1. What is the residue count in the range 94-106 for residues that are surrounded by 13 or more Cβ atoms within 10 Å (Cβ to Cβ) and closer than 14 Å to Arg15 by Cα?
2. Output the residues belonging to the range 60-73 that are touching a residue at least 40 places away in the same chain (Cβ under 8 Å), touching a strand residue (DSSP E or B) at 6+ places or on another chain (Cβ under 7 Å) and over 19 Å from Asp42 (Cβ atoms).
3. Assuming Arg8 fulfils every condition listed in (1) touching a helix residue (DSSP H, G or I) at 6+ places or on another chain (Cβ under 8 Å); (2) closer than 21 Å to Thr118 by Cα; (3) among the basic types (Lys, Arg) apart from one, which condition is it?
4. Would you please name the residue that is surrounded by the most Cβ atoms within 10 Å (Cβ to Cβ), looking only at residues in the range 107-134 that are in contact with a helix residue (DSSP H, G or I) (Cβ under 9 Å, 6 or more places away or on another chain), of a type outside the set (A, V, I, L, M) and modelled with pLDDT of 95 or more?
5. So which residues in the range 88-138 are more than 22 Å from His19 (Cα to Cα), among the basic types (Lys, Arg) and in a strand (DSSP E or B)?
6. Considering only the range 59-81, state which residues are of a type in the set (A, V, I, L, M), over 17 Å from Ala12 (Cβ atoms) and crowded, with 18+ Cβ neighbours inside 10 Å.
7. Could you please find all residues in the range 25-56 being among the β-branched types (Val, Ile, Thr) and either in a helix (DSSP H, G or I) or touching an Asp or Glu at 6+ places or on another chain (Cβ under 6 Å) (or both)?
Amino acid sequence: MSDTETERRAIAIERDLAHPPSRIWRALTQPHLMAEWLMQTDFQPVLGQTFSFRAEWGALTCQVTELEPERRLAYTWGDGVLDTVVTWTITPTPAGARLRMEQTGFRKDQPRYLMGATAGWPRMLDTLEQVLAKESGA
C-alpha cells in the first residue's frame, strides 16, 4: 500500500452553543431540520442504518456507525470516490453545549475534497446555529 493510500487527513470544528444537548441532537438527527442546514436526507437515527444526503450536485451514500443519543453520532460520508467519516460530539457546558464536528479519511491525493469540506462545514455550522436559534424561539 502506498503512502497516498495510507496517509489520511481530517478537519475538525468546534462551536460553543447556547442550546441544550437535546436541541442540538434534534438538529443533527431530524430529517426536516437537517434539510434546513445540511441537505435533504432520509436519515434515521438507527445504528447501521444506510441513508443518503441529496443536493443539486448529486448525492452521498452514508451509514450510521456510532450512535449515543445527545452525545455522539458518526456516519460514513462518501460518493464512490470520497470515503470519509463525519463524527459529531456534543459535550454539555454550563451555557449549553460544545459541538465538535470532525471529518476524517481524506486521502492525500484528494486536496479538493479537503478544501471543499474546510470551506463548507463552517458555513453549514453557521446555518445550523440559525436553525437552533429559530427552534428555540430566540
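The values are calculated or read from the model by the stated rules, or taken from the named source; none is laboratory data. Fair warning: this is a prediction, and the values are worked out from it, not measured in the lab. Note that we place each Cβ from the backbone using ideal geometry, even for glycine, and neighbour counts take in every protein chain shown.
1. Just the residues of the range 94-106 that are surrounded by 13 or more Cβ atoms within 10 Å (Cβ to Cβ), to begin with: 96-106.
Still in the running and closer than 14 Å to Arg15 by Cα: 96-102.
The number of residues fulfilling the criteria is 7.
2. So the first thing to find is which residues in the range 60-73 are touching a residue at least 40 places away in the same chain (Cβ under 8 Å), and the list is 69-71, 73.
Filter again for touching a strand residue (DSSP E or B) at 6+ places or on another chain (Cβ under 7 Å), leaving 70-71, 73.
Across the range 60-73, the qualifying residues are Glu70, Arg71.
3. Here Arg8 meets the rest and fails (1).
4. Let us first name the residues in the range 107-134 that are in contact with a helix residue (DSSP H, G or I) (Cβ under 9 Å, 6 or more places away or on another chain), namely 107-109, 124-132, 134.
With of a type outside the set (A, V, I, L, M) added as a condition, the list becomes 107-109, 126-127, 129-130, 134.
Add one more test, that the residue is modelled with pLDDT of 95 or more, and what stays is 126-127, 129-130.
Details: Asp126: 11, Thr127: 13, Glu129: 18, Gln130: 13.
In this case the residue turns out to be Glu129.
5. Within the range 88-138, the subset more than 22 Å from His19 (Cα to Cα) is 103-120.
Those left that are additionally among the basic types (Lys, Arg): 107-108, 112.
Arg107 - this is the single residue of the range 88-138 that is more than 22 Å from His19 (Cα to Cα), among the basic types (Lys, Arg) and in a strand (DSSP E or B).
6. First pass over the range 59-81, keeping only residues of a type in the set (A, V, I, L, M): 59-60, 64, 67, 73-74, 81.
Checking which are over 17 Å from Ala12 (Cβ atoms) leaves us with 59-60, 64, 67, 81.
Selection gives Leu60, Val64.
7. Of the range 25-56, the ones among the β-branched types (Val, Ile, Thr) are 29, 41, 46, 50.
Once the filter is applied, which keeps residues that are among the β-branched types (Val, Ile, Thr) and either in a helix (DSSP H, G or I) or touching an Asp or Glu at 6+ places or on another chain (Cβ under 6 Å) (or both), the range 25-56 yields only Thr29.
Conditions tested, residue by residue: (1) within 19 Å of Arg71 (Cα to Cα); (2) in contact with an Asp or Glu (Cβ under 9 Å, 6 or more places away or on another chain).
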{"position": "Ile90", "(1), (2)": "yes, yes"}
{"position": "Leu99", "(1), (2)": "yes, yes"}
{"position": "Gln110", "(1), (2)": "no, no"}
{"position": "Leu132", "(1), (2)": "yes, no"}
